[in-house]
Number of protein chains: 2
Amino acid sequence: MRIVAETGFQPNAIARSLVNKETRIIGVMVPDISNNFFSSLINGIDSIIHEWNYSLFLAISDEEVEKELKYLRLFKEKQLDGMIVASIHFLEQHKHILAENQIPLVVTGHDLPEFDIPTVNVNNVQAAYDAVSYLIAQGHRHIACISGPLWDPPCGLDRLGGYRKAMRAHGIPIPDGFMAEGDFTAESAYEAMGRIFQAQQRPTAVFVASDLMAVGAMNYLHDQGIRVPEDVSVMGFDNLEIASLARPMLTTVHNDPFMYGKAAGEQLLKMLRNEPVERRSVVPHRLVIRKSVSAYEKNRTKE
Amino acid sequence: MRIVAETGFQPNAIARSLVNKETRIIGVMVPDISNNFFSSLINGIDSIIHEWNYSLFLAISDEEVEKELKYLRLFKEKQLDGMIVASIHFLEQHKHILAENQIPLVVTGHDLPEFDIPTVNVNNVQAAYDAVSYLIAQGHRHIACISGPLWDPPCGLDRLGGYRKAMRAHGIPIPDGFMAEGDFTAESAYEAMGRIFQAQQRPTAVFVASDLMAVGAMNYLHDQGIRVPEDVSVMGFDNLEIASLARPMLTTVHNDPFMYGKAAGEQLLKMLRNEPVERRSVVPHRLVIRKSVSAYEKNRTKE
DNA sequence: GTGAAAGCGCTAACAC
DNA sequence: GTGTTAGCGCTTTCAC
């Protein structure tokens, strides 16, 4: 024991892992770590697994199918104890690798109705429905929508679906050109907003499928001299830091990625302890009312 | 060989690592992954090590000394091939562990003059000097500064030093209350800006030590009805995405964390190949002129 | 060429 | 309790 201290002995975790068949490492795959949504998600995961002495192996997929598959294989090769995968494509090959891997997995940003994989998500259509209903309750009737990419079922399609559902439920028709697709970057929303404003009718409010895109949309309006919320109201989605950094502060749907991460981490830890897990966790959402949405008045003055 | 395909054999990287004494994993430690600076840094690292088939082990230190030390030890225990460490404290204990670890290391966000560890940094004092000189060249004389935390030598102290040096070089005295300390959060800068505006004199320009803080400062001004840049000019530092998302768009110092990450990754890869490395890489900076700084005119009109 | 054996640093299972 | 040994799944070496 004295010798241990003297020689500065450090145990070798690799050798231990080989015997124990346990690395105490969790693999996390995200498409883009610069996006605050995913970095907060990772923070949430880390906050919970850190307590249980697990660490993070980070895989950045860049939305490239090749990298997704590569990392999925690598997770197995490195014998990681579990993995959390966010917003990847879900092709046959993915399913195939996953089926072979047999390592505990939690998926977020994807519903997997046909699979036995635990998922954690918000109810995207309900959240979008609530957001648009709020706009309608504020008197708006001309409401446009900037959606996420339509190949992304939960965050692209579902949020658009919630928008349409709310409009339909209130008997409000959606004019041509009121729906534009973005790719969750601010730039894409800036352009989408431009396309919407080329339509015949002008919206008095816009529902945007992410806060970052909402800021892009607001910047378009700002650069055109259109005031928010006096001339048009903007509703975001996610409640990232940027929502309270923007001026006017963004009214948005709270969809805390940190909580997502925590929930996903907790589910995964349960699996690692062989405890029963929920097949589908849905994390609650709520509206955060700030300054970017105002009530619509029929005969509004131009000042 | 046919059997291999049939049984779906996957090699075990753990066993291989034990023999080869090589894990092909790089440890990266950052204080806060939600900060876009560090997430871009990680992206930069990944972009370069990915090509060489290394992967990332992520350690989030939360600025806590305990976690820093824990992860430094863990990096060794897990036999990682190399590590990149950003903006941590640098106490005796850190140096002690590092000395024992003997695993290739690159440090960023720290100058280590007394050590033989490769670092990559900007020249913070020169960059701040250039930024403030630009403000002066634009006719400003009443220039305040919101610095980072003073316990952070390169990003806190050095940038403040560059500000003072520029003021001194141009023979401009710094009034009491013109220097306020933030902690790199938008909120801290919001408050710091408030403190500065309680001073006897009001500045016509502010140099802020990070973009995120600059946005916080601009938000204070916005909320007080003070216009940027008409009433006061704001200069940022870093050139993060938020600098071009802000309105007015932020004039700032380009200090690309992605490039930092790439440079750090390249240095580390050289060490892993036993090639000679530069002891100190300094990545170039430059001014990015946008909209948040305007020329100061003596008799400016109030409209 | 192809095949057997040693050993990486640890843990677990056994003997004493 | 303390000491010895087998073996985790690979790579490397050495014999054939």
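The values are calculated or read from the model by the stated rules, or taken from the named source; none is laboratory data. Since the model is a prediction, treat every value here as computed from it, not as a measurement. Here the Cβ positions follow ideal geometry from the backbone for every residue, glycine too, while neighbour counts run over all protein chains shown.
Quick notes on this one:
- Selection status of residue B:190, more than 21 Å from residue B:284 (Cα to Cα), of a type in the set (Phe, Trp, Tyr) and at pLDDT 95 or above: yes
- Test: residue in the stretch A:172-185 that is in contact (Cβ under 8 Å) with a residue 12 or more places away in the chain, β-branched (Val, Ile, Thr) and crowded, with 20+ Cβ neighbours inside 10 Å: no
- Boolean, residue B:51 is more than 10 Å from chain A (Cβ to nearest Cβ) and at positive phi: no
- Residue among A:77, A:68 that is of a type in the set (D, E, K, R) and more than 11 Å from chain B (Cβ to nearest Cβ): A:68
- Among the residues examined, residue A:228 does not qualify as over 30 Å from residue A:103 (Cα atoms), more than 12 Å from chain B (Cβ to nearest Cβ) and touching a residue at least 12 places away in the same chain (Cβ under 8 Å).
- Evaluation of residue A:43 against (1) surrounded by fewer than 21 Cβ atoms within 10 Å (Cβ to Cβ); (2) more than 20 Å from the chain's Cα centre (by Cα); (3) at pLDDT 95 or above (one fails), failing number: (2)
- Odd one out for residue B:266 among (1) at negative phi; (2) surrounded by fewer than 24 Cβ atoms within 10 Å (Cβ to Cβ); (3) within 14 Å of chain A (Cβ to nearest Cβ): (3)
- Entirely in the stretch A:252-302, the strands (runs of 3 or more DSSP E) that have 3 or more residues that are modelled with pLDDT of 95 or more: A:252-254, A:286-288
- Yes/no for residue A:61 being within 30 Å of residue A:179 (Cα to Cα), away from chain B (no Cβ under 14 Å) and in contact (Cβ under 8 Å) with a residue 24 or more places away in the chain: no
- Candidate set: the stretch B:4-27, residues that are more than 8 Å from chain A (Cβ to nearest Cβ) and crowded, with 23+ Cβ neighbours inside 10 Å; chosen: the one farthest from DNA strand D (Cβ to nearest atom): B:27
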